[in-house]
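The values are calculated or read from the model by the stated rules, or taken from the named source; none is laboratory data. A quick note: this is a predicted structure, and the numbers were derived from the prediction, not measured. Don't worry about glycine lacking a Cβ; one is built from the backbone with ideal geometry, like all the others, and counts go over all protein chains shown. Remember, those area values only see protein heavy atoms, side chains included, never the ligands or the DNA or RNA. Shrake-Rupley method; radii C 1.70, N 1.55, O 1.52, S 1.80 Å.
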Amino acid sequence: PYCSLHLHLKVSENPYTSGNIASRDTAPSIIVASGNVGTELSDNDISMFVSSDAGNTWRQIFEEEHSVLYLDQGGVLVAMKHTSLPIRHLWLSFDEGRSWSKYSFTSLPLFVDGVLGEPGEETLIMTVFGHFSHRSEWQLVKVDYKSIFDRRCAEEDYRPWQLHSQGEACIMGAKRIYRKRKSEKKCMQGKYAGAMTSEPCVCTEADFDCDYGYERHSNGQCLPAFWYNPSSLSKDCSLGQSYLNSTGYRKVVSNNCTDGVRERYTAKPQQCPGKAPQGLRIITSDGKLTAEQGHNVTFLVQLEEGDLQRSLIQVDFGDGIAVSYANLSSTEDGIKHTYQNVGIFRVTVLVENSLGSDNAVLYLHVTCPLEHVHLSLPFVTTKNKEVNATAVLWPSQVGTLTYVWWFGNNTEPLITLEGSITFTFSVEGMNTITVQVSAGNTILQDTKTIAVYEQFQSLRLSFSPNLDDYNPDIPEWRRDISRVVKRALVEVSNVHNLCISSKHILVAVLPGLPTSAELFILPYQDATGENKRAAANLEQISETLIQKLNQNLIHFELKPGVRILVHAAHLTAAPLVDLTPSHSGSAMLMLLSVVFVGLAVFVIYKFKRKIPGLNIYAQMQNEKDQEMVSPVSQRESIPNVPQSELMSPEQLVDEKLEVQPIG
C-alpha cells in the first residue's frame, strides 16, 4: 500500500536529449518518463517508464536512464542509453513501448553527445552525433527508418481513443476523442490529423477554483479568508454604477465547460451602494511630511468607503487659503499648492455627502534650505559667569530646527529647539563650543573658541582712516589684520624689553566701518603654573601698550606704499572683571573722577545759556565727549562680533604683510 511510482520532473541539462519527461502533441496518450518505484522519490534505482493512455497506467521499459525520441507521430520510439561509455546500439519500438528491438547504428562504438530528429511531423530520420575518442572530431550518423515500413497506414489501421482521467471523460470542460494507430499495425502514419471530436461538458464544481480572497474548506465550499473583506470590492465604486460581485468561485482558465453550475458560480453585476465617507486620509504624493518653500506640494485625498465623485471636498491648506471640489475629476492628479512662508501648517480636508461626512488632518513642515550657520559669543568671559551663545542662521527663517550644543570635551550634547543658550565655565583657559543645526536632511555646524579668566583688561584700538578704503568687511580679512596687529604689538614689546608674550594678548578686528579692533590682555600662566599675571601686572601692561600706541610705534604695511598706524581708542577704567570684595584705590579714584567730570558737564550744560561765549565751547566739548567712552562694565565692553575672527594666543602665524616696528 505504500509503494508508488515517483516521476522525476527535472529538465534535461543536455539540450540534445529529450529530458526526464517527454510527450508530443502529435502523439496523443504517449508519455515517456524516468522515475523510481518505492515509498518516496529517490535518485537511486532510476528506471524508464511509458504510458499509452495519457498517464492513467504505466509500464517499465528500461532499468536505466535512456533518451527517447519520437518519430512518425509516436509510431516509432527510439531509445538510447545514457552512459559515459561508447555504444553502437539503439532500441526501437513500433507498438507504443510495449516491445523493443535492438539495432546497430554504427560499426565502431561512439561516445554519444546527443540525438536529434529531423523537423517535420512525418520524419523518419534521426541524427546521432558524438566522437569515437576524446580527441577525435565530431561524428554525425544519419539513421533513416523508412525502409522498415512497406506501406502507409489505411483507415482500418486506426481506432478511436477517448482522453480520460481515471475514467472521467470530461477534462478541462470538454470530451475529446482522438484517432490512434492500432499498436499491432506496422505502417507509416504520415501527417497528423488531430482530435476526431471535441464537445463541451456541463460545468461542475471541479471546473471552478476559489476566487481571490476565498479558501476552500473541508466541505468543499469556497468561503472568505480571515484577512479578506468582500465588501472592500465596492470601495472605489461610484453611486449609480455597477461592479462584479464575486460568488467566491472563478472558472479555471482555458476550461470550456458550459451550463451546469456556471451561472451560479459566475460573478454577478451589482449596483454600487451609497455610503457615508469613511476612512478619509490626506497624504502628499511623495509620502513626506516636509516641503520646500516656494515649491509645489501635491496632496492626495483617499477614502476607504464612500464616493469621492459624488461628494463635496473642502481642503484648508493652513496658510489662509482653502479650496473646494465638487467631483473627483479635479483631484485625480492630486491637489497642488505652493507655500510662500516657512512653518508648520495644519492641512485639513473635509468630505461630505448626503449620508454623512469625514475629515482628516495633516501637519506639513515647510522649510527653506539652510545655507550658513554662525555661532556668536564673546571672545573672553569671566570664570563662573553666565555667557550667552547664539546661532545666527542664513536665511534667518528656515523652519523647524534642532540645535545640538557641544561644550569642550563633553561626550553628551545639549539639544534644544532654541537658537540661544546660557552657560558658565568653571575652569580657566581656552574652551571650544560647537553648535550643530539640523534642518530637514541638512546639518550644518560652527565651532568657536572662548577664553575664560577671572580677570583681564580690554582696550579698544583704532586705525589710520586709509585702512577703511581697503576693508572688504569679511571675516577672512579681519582675521588677517588681527594677526598682523598682534604680531606688531609683540615685536614692539620685545624691542623695548617689555617681555610681553603672545600668550598675553588677543586681538579681534570688529565688523563694520570705521575699522576698529579689540585688544584683550590676559593673565597668561605658563606650563609650570607660575608667573601668572596679577591685576596690577595687567594694568601695567595696558599702560605700557597705550604709551607705545600713542607714540605711533605700532604700525604695519598693508601693501607697498600703504602704511597703517594703530592707535589706542580707550581703555576700560578698571579691569573688566574684578572679583575682589572691595574696589582697588585706583579704581575708586577713577570712578570718582568720572562722577566729577559728569557733574561738571551737567552744570555747564545747565547754565551755558547764561555764560556768554560758552555755547560754542560747550558744543565743541560735547562733540569731543561723544568720541570718548566712559568706564563700562565687562559685559558692555566685550563686543558681540563673529567669534570666527577671534585670534587665540596659539594662532600667531607669519603673514605676508610686512611689520616694521619703530625702535
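Would you mention how many residues in region 324-350 are open to solvent by less than 50 Å² (accessible area, probe 1.4 Å) and at pLDDT 90 or above?
Step one: filter region 324-350 for residues open to solvent by less than 50 Å² (accessible area, probe 1.4 Å), giving 325, 328, 331, 334-335, 337-339, 342-343, 345, 347-349.
From what is left, the residues that are at pLDDT 90 or above are 337-339, 345, 347-349.
Adding up the residues that qualify gives 7.
Could you tell me whether Ile415 is at pLDDT 90 or above and not acidic (Asp, Glu)?
Values: at pLDDT 90 or above: yes; not acidic (Asp, Glu): yes.
So Ile415 passes the test.
Could you tell me whether Phe62 is aromatic (Phe, Trp, Tyr), modelled with pLDDT of 90 or more and under 58 Å from the mean Cα position of the chain (by Cα)?
Considered against the rule, which asks whether it is aromatic (Phe, Trp, Tyr), modelled with pLDDT of 90 or more and under 58 Å from the mean Cα position of the chain (by Cα), Phe62 comes out as no.
Given the criteria crowded, with 17+ Cβ neighbours inside 10 Å and either modelled with pLDDT under 90 or among the polar types (S, T, N, Q) (or both), does Ser242 qualify? Steps first, answer last, please.
Values: crowded, with 17+ Cβ neighbours inside 10 Å: no; either modelled with pLDDT under 90 or among the polar types (S, T, N, Q) (or both): yes.
Here the answer is no, as Ser242 does not meet what is asked.
For the subset of region 154-172 comprising residues that are touching a Lys or Arg at 6+ places or on another chain (Cβ under 8 Å) and outside any strand (DSSP E or B), which member is most open to solvent (accessible area, probe 1.4 Å)?
The qualifying residue most open to solvent (accessible area, probe 1.4 Å) is Leu163.
Please report, ordered by residue number, the strands (runs of 3 or more DSSP E) entirely within region 391-504 with at least 2 residues that are crowded, with 20+ Cβ neighbours inside 10 Å and touching a residue at least 60 places away in the same chain (Cβ under 8 Å).
429-439, 442-453, 457-463
Before we move on, is Gly320 over 27 Å from the mean Cα position of the chain (by Cα) and not in a strand (DSSP E or B)? Outline the logic, then answer.
Working: over 27 Å from the mean Cα position of the chain (by Cα): yes; not in a strand (DSSP E or B): yes.
Yes; evaluated as a whole, the condition is true for this residue.
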